[in-house]
Amino acid sequence: MRNLLLSSLLSTCILAGCGGGGGGGGQAATPPTTPPSPPEPPPPTEFTVSGIISASGSQAVDSDTNDPVREAVDNNTLATAQPLPNPVTLGGYVNLPGAGAEGRSSITGDLDDFFLIDLLAGQRITVLVGDYLEADADLYLYNAEGEIVDSSLDVGEVESLLVEEDGSYIVNVSAFSGATNYILAIGSPELAALEHSGGNIVPWQAIVKYRDEQAGSSSLASSGLATTALPLDYGISQRAGERGRNRLMAMQSTVTDPRQLRRRLGSAIRKRAALVDTEARVRWETLLTIKSLRADPRVQSAEPNYRLHTLAVPNDEAYPLQWHYPLIGLPEAWETTNGDQDVIVAVVDTGILPGHPDLLGQLVPGYDFVRDTENSVDGDGLDPDPSDPGNDIGGTSSFHGTHVSGTVAARGNNGRGVAGVAYGSRIMPLRALGFDGGTTYDVEQAIRFAAGLANDSGTVPTQAADIINLSLGGAPFSQSTQSLLQQVRGNGVIIVAASGNEGSIQPSYPAAYDGVISVSAVDTQRRITNYSNTGPRIDVAAPGGNSGVDLTGDGYPDGVLSTSGDVGGGSLNYVYSFSSGTSMAAPHVAGVLALMKSINPDLTPEDVDSMLIAGSLTEDLGPGGRDDQFGHGLIDANRAVIAALESIGSTPAEIPRLVASVNSLNFGAATTELTLSLRNGGLGTLQLNSVTASASWLTVSADDIDNNGLGEYSVSVNRSNIEAGVYSADITADSSVNTVNIRVFMSVGGADFASDVGVLYILLYDPVADEPVDQWVSSGSQGVYPFRFENVAPGEYEIVAGSDADNDLLICDAGESCGAYLTIDQPVRINIDNNLQGLNFAAEYVVSLPNITADTGATGSGAGDTETRSFQRPKVRSAQDE
């Protein structure tokens, strides 16, 4: 691979010679002649831009996608299974022959991807099917002997299995119909929301409703598809039901007719020999027959006949993936309050998806202040409907405001999705950002509305907001905006803003205005993120995440998980997505302030300032006292709630509790040291008695602790003299009050697990023209993808990158990796007026979880899809770095 880094600019030096006169005999020396100065060279009109894109060690790619640029490595059989690390997030592609875009496997098909991996009991294997509306993929688990020990055969976005025993396994993603990208995630949590539903069924039975029995049967009959022939075609018979409603159908348990067998099992008939367990085979054939019936044009619906029993459905199924809440002491704070419906947080952003199941009942009336009809996309200007229409039905919407709002106050304890920080409070959605961002004036009108001040809507809310969240930025200092914010603050409204994602120490507005709480972003390790702005205007830090890694070991990126939307397939779907950025950090703080206002509604912005400066709302990180990275420290929800109680003269009960910053740590195959924080999450005194590790390869040592043993601990692993495989152990922290366990995962040796997100197509993108002006194609090496654009004309650009596993000439589709400088959430526009180097960023699989309805366990209108937009790329034949 050739070196793609930009070399240093050459400097020129013009040397002028000096003539010396020796002269003797009293003669005067001849003065030297000065050559005329050369003309100034014209300023350059073209520049070079370069950088490096990185992929984390927990990410991998299917070795035989449909993208022909990289040579495929066969993983289509048990014998050629592709080795994987554990935990892992992988992007892949499968298709039946003749299905999908033109590419490597479009003609011959890529029916199966097999992956060799060591798994631990209790781990969950999940497949998110990217193109589930047009295709279907299934999930199989084989043991070391090549026998199928479990399978997930649902129709929709999610296939999921739970590992029952430690061992070496082969995971198989199998195409049932069509062509699709997918995400394979293997990690630790037993996430109820993503469990498949095929376990508790009556074998050899299905509940079937025929299509158009009243009027359409004749048209079906004319096509040779009469419903009367359906039982014979599948070897089934009717047990109960009648015309126009559901029928209970029984399947013949022994089918010898090869045509019936093929109709039942479809392309999956090739799996039959590997099912040696009779019970597993019966369940498999029952579910596959139902899948085939669903695809039959004569059938309106086909479902398993479930065995029902009393269920203890856990609330907020995806809460185990919200690592960012225990990090700020939120579970302890919730024991006192989860918010109050009279406390309102205004979110000035891209608007809201009011129909999202986790936002129903959480909203008060808002307003749409995007006046430019071209930018608003909703067909009008100012109006009382703050709904986010999406940028373009076709996959280009971020639904940024919905994600931010969900972090503030998504419904909690409702048996679905996620929870918000202050889920007992409410949100005032104010739309001020449209397709191409927004304007200072529109944002100011939204702020005025939130505060109950006169504004261009001609109305004011019935109740003004208590807190305003501004996860936006980009404008320079404005005295008029500063004056407005001071006026709003004078009305008792607390203002919170994201510090910005430029990785800069320069002030970013509105966060840097006086009277605004500026929020920087930390990751799971409580480290400042590479994208977060820092500097003297930072007031507090909060979780913003890093979607390029999986240090929690749950098989998903360490972004902030919240409510979102997706427009895959041309229709709106409600999902839950992982995003990273200071935009995600700010609503954590806004939510915590809402908890405080729920206890003491009379808290003023000045009260909050005093508490923040006194350290009553935070855990101090970095150098003692305020610093330019974390401000006054990491927001601590429980401390904030205690401070609010004390502000009304209430004396909280002194109930100490030992809490840890994380529930699990993932060292993967390369990381050797991580950080664990142990602290008192309550009031009173506790003494840490011991911190022990359950394995000899795991060491925990004190790093920065107090006299009670609380503080930072260094956790390290030693892979020396350990056989290849995946290992788990526990850290046990025992105190005078309670005991805390932290699960630890580590991989050792074996195959060379280099991080890989596939071939990356890096685009130099013109955001005004909405098209790429140049492309660099990189196959990468060891998770490193250099890029270099030459002869770049001056102007403003964005740099985006992504893979194209299905070879449809669109990057960043569902199941594909994606990245942008500096973050996917809010790409930074780069002003290119000189040569630039070091424009480094990460590419990762951006995962969205589908909307799960808690009462049935079935998927709703969600999508296993990415939240990012897709970008058209030019067609190429090879990578430029090879």
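Values computed for the structure shown
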item	result
Residue that is farthest from V715 (Cα to Cα) [pool: residues in segment 644-657 that are surrounded by 15 or more Cβ atoms within 10 Å (Cβ to Cβ) and out of contact with any Leu (no Cβ under 6 Å at 6 or more places or on another chain)]	S647
Single condition N305 does not satisfy, out of (1) among the polar types (S, T, N, Q); (2) modelled with pLDDT of 95 or more; (3) over 29 Å from the mean Cα position of the chain (by Cα)	(2)
Number of the condition not met by G122 [criteria: (1) without any contact (Cβ under 8 Å) to a residue 60 or more places away in the chain; (2) assigned to a loop (DSSP other than H, G, I, E, B); (3) open to solvent by less than 20 Å² (accessible area, probe 1.4 Å)]	(1)
Top-ranked residue of segment 696-721 - restricted to ones that are β-branched (V, I, T) and touching a Phe, Trp or Tyr at 6+ places or on another chain (Cβ under 6 Å), ranked as surrounded by the fewest Cβ atoms within 10 Å (Cβ to Cβ)	V700
Residue tally, condition touching a Phe, Trp or Tyr at 6+ places or on another chain (Cβ under 9 Å), in contact (Cβ under 8 Å) with a residue 24 or more places away in the chain and either over 25 Å from R211 (Cβ atoms) or part of a strand (DSSP E or B) (or both), over segment 250-283	7
Residue selected from segment 214-239 under the condition surrounded by 11 or more Cβ atoms within 10 Å (Cβ to Cβ) and not in a helix (DSSP H, G or I), by the criterion modelled with the lowest pLDDT	G216
Selected residue (criterion: farthest from S848 (Cα to Cα)) from residues of segment 73-93 that are among the aliphatic types (A, V, I, L, M) and at pLDDT 95 or above	A79
Selection count where residues are assigned to a strand (DSSP E or B), within 25 Å of A670 (Cβ to Cβ) and open to solvent by 30 Å² or more (accessible area, probe 1.4 Å), scope segment 782-805	1
Residue check for A693: within 28 Å of the chain's Cα centre (by Cα), open to solvent by 20 Å² or more (accessible area, probe 1.4 Å) and farther than 25 Å from D636 by Cα	no
Residue selected from segment 663-674 under the condition of a type outside the set (F, W, Y) and either buried (at least 23 other Cβ atoms within 10 Å of the Cβ) or modelled with pLDDT under 90 (or both), by the criterion farthest from G725 (Cα to Cα)	S664
Residue check for T534: part of a loop (DSSP other than H, G, I, E, B), modelled with pLDDT of 95 or more, over 19 Å from V404 (Cα atoms) and open to solvent by 60 Å² or more (accessible area, probe 1.4 Å)	no
Residue, modelled with the lowest pLDDT, within segment 822-869, restricted to residues that are farther than 29 Å from T126 by Cβ and not aliphatic (A, V, I, L, M)	R829
Total residues in segment 133-165, condition under 19 Å from A81 (Cα atoms), of a type outside the set (A, V, I, L, M, F, W, C), in contact (Cβ under 8 Å) with a residue 24 or more places away in the chain and outside any strand (DSSP E or B)	3
Condition check for R639: part of a strand (DSSP E or B), of a type in the set (D, E, K, R) and closer than 29 Å to I731 by Cα	no
Identity of the residue in segment 435-465, among the hydrophobic types (A, V, I, L, M, F, W, C) and farther than 24 Å from G565 by Cβ, that ends up surrounded by the most Cβ atoms within 10 Å (Cβ to Cβ)	I447
Filter result (small (G, A, S), part of a loop (DSSP other than H, G, I, E, B) and more than 18 Å from D550 (Cα to Cα)) within segment 643-662	G649, S650, A653
Residue that is farthest from I742 (Cα to Cα) [pool: residues in segment 522-548 that are of a type in the set (D, E, K, R) and over 20 Å from the mean Cα position of the chain (by Cα)]	R537
Qualifying residue in segment 689-698 (condition: touching a residue at least 40 places away in the same chain (Cβ under 8 Å), of a type in the set (S, T, N, Q) and under 30 Å from L603 (Cα atoms))	no
Qualifying positions in segment 406-434 - out of contact with any strand residue (DSSP E or B) (no Cβ under 7 Å at 6 or more places or on another chain) and surrounded by fewer than 24 Cβ atoms within 10 Å (Cβ to Cβ)	G412, N413, N414, G415, G424
Matching residues in segment 575-630 - criterion: being of a type in the set (K, R) and either open to solvent by less than 20 Å² (accessible area, probe 1.4 Å) or under 27 Å from the mean Cα position of the chain (by Cα) (or both)	K597
Counted residues, segment 766-781 - those being open to solvent by 10 Å² or more (accessible area, probe 1.4 Å), touching a residue at least 24 places away in the same chain (Cβ under 8 Å) and outside any loop (DSSP other than H, G, I, E, B)	7
Only listed residue being touching a Leu at 6+ places or on another chain (Cβ under 8 Å), under 17 Å from N66 (Cα atoms), of a type in the set (F, W, Y) and open to solvent by less than 30 Å² (accessible area, probe 1.4 Å), chosen from Y182, Y142	Y182
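This table checks each residue for (1) crowded, with 23+ Cβ neighbours inside 10 Å; (2) over 21 Å from E816 (Cβ atoms).
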residue	(1), (2)
V73	no, no
L78	no, yes
V94	yes, no
I107	no, yes
D113	yes, no
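Residues are listed down the side, and each one gets a yes or a no for (1) within 21 Å of V592 (Cβ to Cβ); (2) touching a Phe, Trp or Tyr at 6+ places or on another chain (Cβ under 9 Å):
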site	(1), (2)
P429	yes, yes
L433	no, no
T439	no, no
D442	no, yes
N455	no, yes
I467	yes, no
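To keep it simple, each residue is scored yes or no on (1) part of a strand (DSSP E or B); (2) open to solvent by less than 10 Å² (accessible area, probe 1.4 Å).
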residue	(1), (2)
T732	yes, no
V737	no, no
V744	yes, yes
S747	yes, yes
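The values are calculated or read from the model by the stated rules, or taken from the named source; none is laboratory data. Nothing here was measured: the structure is a model prediction, and the numbers come from that model. Note: ideal-geometry Cβ built from the backbone for every residue, glycine included; neighbour counts use all protein chains shown. SASA here: full protein model, heavy atoms, side chains in, ligands and nucleic acids out. Shrake-Rupley method; radii C 1.70, N 1.55, O 1.52, S 1.80 Å.
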